[in-house]
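Below you'll find the structure, written out as structure tokens, and then a few comments.
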Amino acid sequence: MTLQYQAAVLHAAQTPLAIERVETVPLAANDVLVRVRAAGLCHTDLEVIDGSLRYPMPIVLGHEAAGVVEAVGAAVARPRVGDHVVLSWNPHCGHCFYCDRGLPILCEPYLAKGPRAVQFDGQCKARRLDGGELKHLMFLGAFCEYCIVQDQQAVTVPNEIAFDRACLIGCGVMTGVGAALNVARIGRADTVMIVGCGAVGLSAVQGARLAGAARIVAVDLDDNKLELARRMGATDVVNAGTDDAVAVAKRLTDGRGVDAVIEAAGSGAGFRLTVEAVRPGGEVVWLGKIDVAKDVAFRWGALMQEKRLRRSSYGEARPARDFPLLAQAYLDGRLMLDEMITARIPLGAINEGFTALRNGEAIRSVVMFG
């Protein structure tokens, strides 16, 4: 059985997404059909649109989504039909070299299949009405009314969390909070700097607060975002357009530098700032990205003195464990999600949503499906 639905399809970089009628393929044994109810617009999607992240076309973007399970394949035990789920973009085999070492983000089949823009079983699960194959960004392709994913990617969360809030957990929130709680080794007496206050950076601010950091310094170029960072737990804010963030880091720590820096700006200047602001022996976690073909330069002396540098793509996520915990933290009032949503838009306004993201006017625009 197949199902027809609407999807936003990218046919070529630097062109608008086209809203098209497409259809599913029949479910395989481990497939789950999800009716998407909300999907966030992320910078990674924008990188594909702008051409700095290259994938085969035509492709359905979208990798931060929540919805309801509509049907499951013959071998699926969980989730069940009717479950509310947040979707994960990191399926993994569980038994390759890296999975055996607790690094599912480096799963060998995941890394091999990702550039092909297929689902985890190597197949495409959507097609155009003329029969042409559609690719999927990051094993999801969620800017559509329905999508088919592997059972491990559909993580059940409490029904009480609204879909527009829940979808944020699937990428931006997990990446930022996870970087603070799982990667950066933040201690309760630590001073932490967050560089970049978009959705990921604001989530890192909250992760640092949840970790018990004594001082949290938020850095951005936008005073409105810095004010929001303060509401979410930042004790100090720095507008890097008018103030020297490195000098602030030194001033607040008797000249040493901060204990940990989490970068979420995605710029060469932001990457360089991190290694200058962190103290000897401190932790640097890079979350942002730039064009994969570009170089980033550092002052060699800033890399010395036992500084620990980490790149993290998903905050060491264990989605089956972490997504429900983050959803419950929101329901308990410990995690702020409402404030991250700049706009709720229909699928037909998705190009305008990406323009707002590109111009720095949005933290998260969320596509809402009926």
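Quick look at the numbers
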read-out: Single condition ILE194 does not satisfy, out of (1) touching a helix residue (DSSP H, G or I) at 6+ places or on another chain (Cβ under 7 Å); (2) open to solvent by 10 Å² or more (accessible area, probe 1.4 Å); value: (2)
read-out: Residue selected from the range 165-189 under the condition surrounded by fewer than 21 Cβ atoms within 10 Å (Cβ to Cβ) and of a type in the set (D, E, K, R), by the criterion nearest to HIS43 (Cα to Cα); value: ARG185
read-out: Cβ-Cβ under 6 Å pairs, at least 6 apart or on other chains, the range 218-241 side at positive phi, far side in a helix (DSSP H, G or I) and of a type in the set (D, E, K, R); value: GLY233/ARG209
read-out: Elements of type strands (runs of 3 or more DSSP E) in the range 265-370, at least 2 residues being open to solvent by less than 60 Å² (accessible area, probe 1.4 Å) and without any contact (Cβ under 8 Å) to a residue 24 or more places away in the chain; value: 341-345
read-out: Matching residues in the range 197-223 - criterion: being touching a Ser or Thr at 6+ places or on another chain (Cβ under 8 Å), buried (at least 24 other Cβ atoms within 10 Å of the Cβ) and farther than 14 Å from LEU168 by Cβ; value: ALA213, ILE216, VAL217
read-out: Number of positions in the range 224-263 that are open to solvent by 40 Å² or more (accessible area, probe 1.4 Å) and not hydrophobic (A, V, I, L, M, F, W, C); value: 14
read-out: Verdict on ALA179 being touching a Ser or Thr at 6+ places or on another chain (Cβ under 6 Å) and closer than 14 Å to GLU283 by Cα; value: yes
read-out: Counted residues, the range 24-46 - those being open to solvent by 30 Å² or more (accessible area, probe 1.4 Å) and either touching a residue at least 40 places away in the same chain (Cβ under 8 Å) or under 25 Å from the mean Cα position of the chain (by Cα) (or both); value: 7
read-out: Among residues of the range 78-123, those that are among the small types (Gly, Ala, Ser) and touching a helix residue (DSSP H, G or I) at 6+ places or on another chain (Cβ under 8 Å), counted; value: 5
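The values are calculated or read from the model by the stated rules, or taken from the named source; none is laboratory data. Treat the numbers as computed from the prediction; the structure is a model and nothing was measured. FYI the Cβ positions are ideal-geometry reconstructions off the backbone, even for glycines, and counts take in every protein chain you see. Areas reflect the complete protein model, heavy atoms only, side chains present, ligands, DNA and RNA absent. Shrake-Rupley method; radii C 1.70, N 1.55, O 1.52, S 1.80 Å.
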